[in-house]
């Protein structure tokens, strides 16, 4: 019987870890992925490592549509040759259901039937440890294919799972860099001085200052000088309208009054974006196992997550988020805890640390401004 290798991909782990590698936060919405190239490179790495042809790629994810049905993107992935969709479902709170059990059952059943001699598991979930042991008991090798961090270590892999597998292989960093990209606007496309007013081109209407007319110069009396003799008679004062009389309409643009902003001026205005002051991309706070989880580490994780969320959100979404306080949306709360757990190398997160993390999240949300 011909031998094969297989690739089982926990998409939640893959995208969260890849997003962390690219943006510093595990929010999947913060990145775009070129899936055909990513899958092709994973297959190439597995076949090269094992020396065996591919049986298939099992793609485990939550169905994005109601009832666990695939969305358009997932359907396109399922149409790729050699790729089989294995979808769970999303709960009302946004948690995925049925994905881990599908991975575990496939590992156990396919291991019992020896459909592949080597299985490359793209995951870091501790819940899969027993399924890995079951597949190994039938003579199948299970090798972790993990996403690296910037120090060349496996990102987000549970210690128990790492101990039970037959080997660990890191996904090529070039694969992540070439196929996973941040949705944030690149620095080179941001104007050097975004607060500067656009320069009016010749022939455009002048725009009145939005803050009102300029302050008047102090009179000569205020300077202590004698006023010069007037050479031109002063214009007659405007008559004061009688009580109850309708207001006199102001001058129209045709009478020489300043006109409103032209469409060309509005076209050049910079779109409103959300910015977290002082949030550098990929801001790293070192973790010392002897010291444990520090306040700086917690604050850095919260700040990086808010900065990543700002890159894909609108002012209306910011207002909705602030109105939901103190309840943090499930997607953001899950990402907060996942990011801190990975940055602290699996250290125990006490209830006090978790609460402090959420408090710092709201502190940074309150600092977000619109530009």
Study note, to complete from the structure: Taking region 74-93 and keeping residues touching a strand residue (DSSP E or B) at 6+ places or on another chain (Cβ under 9 Å) and part of a helix (DSSP H, G or I) leaves 74, 75, 77, 78
Point to revise | In region 73-122, the residues that are under 23 Å from the mean Cα position of the chain (by Cα) and at positive phi | key: 94
Point to revise | Any chance residue 43 is part of a helix (DSSP H, G or I), touching a strand residue (DSSP E or B) at 6+ places or on another chain (Cβ under 9 Å), modelled with pLDDT of 95 or more and buried (at least 17 other Cβ atoms within 10 Å of the Cβ) | key: yes
Point to revise | Subset tally (residues that are more than 23 Å from residue 160 (Cα to Cα) and outside any helix (DSSP H, G or I)) for region 96-138 | key: 3
Review point. Can you tell me how many residues in region 314-354 are touching a helix residue (DSSP H, G or I) at 6+ places or on another chain (Cβ under 8 Å), in a loop (DSSP other than H, G, I, E, B) and modelled with pLDDT of 85 or more?
Key: 4
Point to revise | Odd one out for residue 23, checked against (1) at pLDDT 90 or above; (2) within 22 Å of the chain's Cα centre (by Cα); (3) buried (at least 17 other Cβ atoms within 10 Å of the Cβ); (4) farther than 22 Å from residue 168 by Cα | key: (1)
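Would you call residue 96 touching a strand residue (DSSP E or B) at 6+ places or on another chain (Cβ under 6 Å) and in contact (Cβ under 8 Å) with a residue 60 or more places away in the chain?
yes
The values are calculated or read from the model by the stated rules, or taken from the named source; none is laboratory data. Predicted, not measured: the structure shown is a model, and the values here were computed from it. Neighbour counts are summed over all protein chains in view; Cβ atoms, including those assigned to glycine, are modelled from backbone coordinates with ideal geometry.
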